[in-house]
Amino acid sequence: MAQLGATIALISAALIGLTYGLYPALRLLRLRKSTRGCQDMEFQPEVSIIFAAYNEKEVIEEKIHSIYATRYDTTKVTVYIGSDQSNDGTDEIIKSMQSQYPNLNLYRTKERIGKSSIMNILAEKANGNILIATDANIIFKEDTIVQLVASFHSHRVAAVAGALTYSGKVSNNTAKTEGAYLNLENAIRQSESQCFGFCLGMEGGLYAIRKELWRPIPKATFMEDFFQTMQLLVDDYQIAFNSKAIGYEEVSTSFEEEFKRKIRISLGNFQNLKRFRSVLIKKVWPLGYAFLLHKVLRWFTPHIIIILILALMLNPTTQVYGLVLLAFLPFQFLLVKFKIHGPITYFCAMNAAMLIGHFLYLKGVSSSVWEPTKRIQE
């Protein structure tokens with residue numbers, strides 16, 4: 001029994017090391033400064049920008065202005081905003097801006113239906129050859145649209161992932177840690193794009209896709225961006241990552257808000273794992289390899305940590321380490337309560353959120369209706 005515990009503990013530790021250590025290290029070592037693929041900055045087809053909004057009065061005006069303050073030909077840019085029964089004045093702000101921006105369209109739902117359903121409706125209404133999916137709080141640079149569209153000059157490219165960047169207007173440990181995580185993910189996706197011809201995961205806040213390749217998002221889906229990513233990769237399409245296609249995001253300064261957001265992300269992760277788990281066997285290299293090490297093992301890290309603790313406690317010589325880990329985890333949540341936390345506490349809490357999200361997924365998900373994250377708390 002002791003030997004079995006030692007073996008299981010070793011395997012568990014190795015799996016965690018693979019997804020959080022070895023795979024990121026390999027990707028960063030293979031990262032090149034140049035961008036894979038052909039780009040044409042003068043290529044400007046018709047573009048439709050689509051996003052859902054619910055009670056976003058604090059950011060919606062800045063968002064719209066940032067879209068139209070672009071180097072792209074604005075006569076070829078149409079914006080479709082889906083308001084999911086906003087009741088804070090968001091709709092009125094959008095309507096007041098339509099005289100300034102004639103290609104700005106507002107669609108208001110008759111009842112709350114959630115982001116995935118709204119995005120499906122907007123994608124169908126859109127008239128552009130390229131769809132740019134974004135979020136209400138993602139602020140564009142002058143060249144964001146140009147950079148997103150430039151890679152579509154190559155017919156091999158089906159979609160382009162942009163780079164979300166922490167704007168840093170307000171900062172604390174939570175915001176800094178999430179910002180660092182965003183930067184690491186951007187580097188990993190860029191390396192994947194350069195080495196494999198795809199990046200595993202387009203951020204829902206900023207990506208572009210050919211309209212004919214958009215697939216209706218299944219009802220009650222939370223991570224609709226990853227659904228679009230995987231449905232393209234299953235059919236062997238290329239997804240480019242462009243680190244110069246930047247969207248500024250003000251991440252939450254609230255640990256509690258980030259915790260709730262990670263639970264929603266976890267729900268979506270396991271929804272998509274069920275849909276696309278077959279690629280782990282049918283497309284082992286490179287898609288299955290990247291899917292396993294970049295995503296799946298991360299999603300199961302909290303489960304692996306539990307197995308690791310139990311395995312350590314099975315072996316008399318390692319019981320003390322199991323007990324230390326068992327005491328260490330509640331201690332991290334005590335630090336959260338007193339607002340004393342850093343990257344390690346963040347890692348533990350977000351894995352706890354992942355575990356909660358998995359349990360909620362197993363109970364069943366009937367709706368993707370959401371509340372916007374409170375991004376700045378004084």
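Side notes on the structure shown:
- The length gained by stretching the chain between Tyr289 and Leu18 to full extension, at 0.36 nm per residue less their Cα-Cα distance, is 96.4 nm.
- For Gly247, residues with placed amide H under 5 Å, excluding near neighbours: Ala163, Leu164, Thr165
- Surface/4 of the Cα convex hull for the range 30-251, nm²: 11.9 nm²
- Cα principal axis extents for the range 34-114, largest first, Å: 44, 27, 21
- Note: relative contact order over the range 30-251, using C-alpha pairs below 8 Å and six or more positions apart, is 28 percent.
- Contact order for the chain, expressed relative to its length and based on alpha carbon pairs under 8 Å spaced 6+ residues apart, stands at 23 percent.
- Packing-based exposure ordering (other Cβ within 10 Å, fewest first) of Asp88, Asp225, Asp236: Asp236, Asp88, Asp225
- Kirkwood Rh, Cα atoms: Rg over Rh of the range 187-290: 0.97
- 3J(HN,Hα) from dihedral phi, the range 209-223, Karplus parametrisation 6.51/-1.76/1.60, rounded to Hz, x for glycine, proline: 8, 5, 4, 5, 9, 5, 10, x, 7, x, 4, 6, 7, 8, 9
- Per-bin percent of Cα-Cα distances, the range 1-64 [10 Å]: 14, 18, 16, 27, 14, 9, 2
- Qualifying lysines (Cα of each under 16 Å from Cα of Lys244; at least 8 residues distant if same chain): Lys33, Lys141
- 3J(HN,Hα) along the range 317-332, derived from phi through the Karplus expression 6.51 cos²θ - 1.76 cosθ + 1.60 where θ = phi - 60°, amounts to 6, 10, 4, 4, 5, x, 5, 4, 5, 5, 7, 5, 5, x, 4, 5 Hz, with x in place of Gly and Pro.
- Kirkwood Rh, angstrom, the range 105-229 [1 / mean 1/r, Cα pairs]: 15.9 Å
- For the chain, a Gaussian network of Cα nodes joined below 10 Å ranks Pro216, Pro302, Pro316 by mean-square fluctuation, and the top entry is Pro316.
- Neighbourhood charge, 12 Å Cβ-Cβ cut-off, centred on Ser96 and excluding it, Lys, Arg +1 and Asp, Glu -1: -1
- Here the scattering of the chain is modelled by Debye summation over its C-alpha atoms, one equal scatterer each and no solvent; at q = 0.11 Å⁻¹ the log10 of I(q)/I(0) is -0.79.
- Computed [θ] at 222 nm, helices only, for the chain once each DSSP H run of length n ≥ 4 contributes -39500 (n - 2.57): -14500 deg cm²/dmol
- Over all other residues within a Cβ to Cβ distance under 11 Å of Tyr361, the charged ones net out to +3, with Lys and Arg as +1 and Asp and Glu as -1.
Every read-out reported here was derived from the displayed coordinates using simple, explicitly stated rules and does not represent laboratory data. The structure displayed is predicted, hence computed values, not measured ones. Note that we place each Cβ from the backbone using ideal geometry, even for glycine, and neighbour counts take in every protein chain shown.
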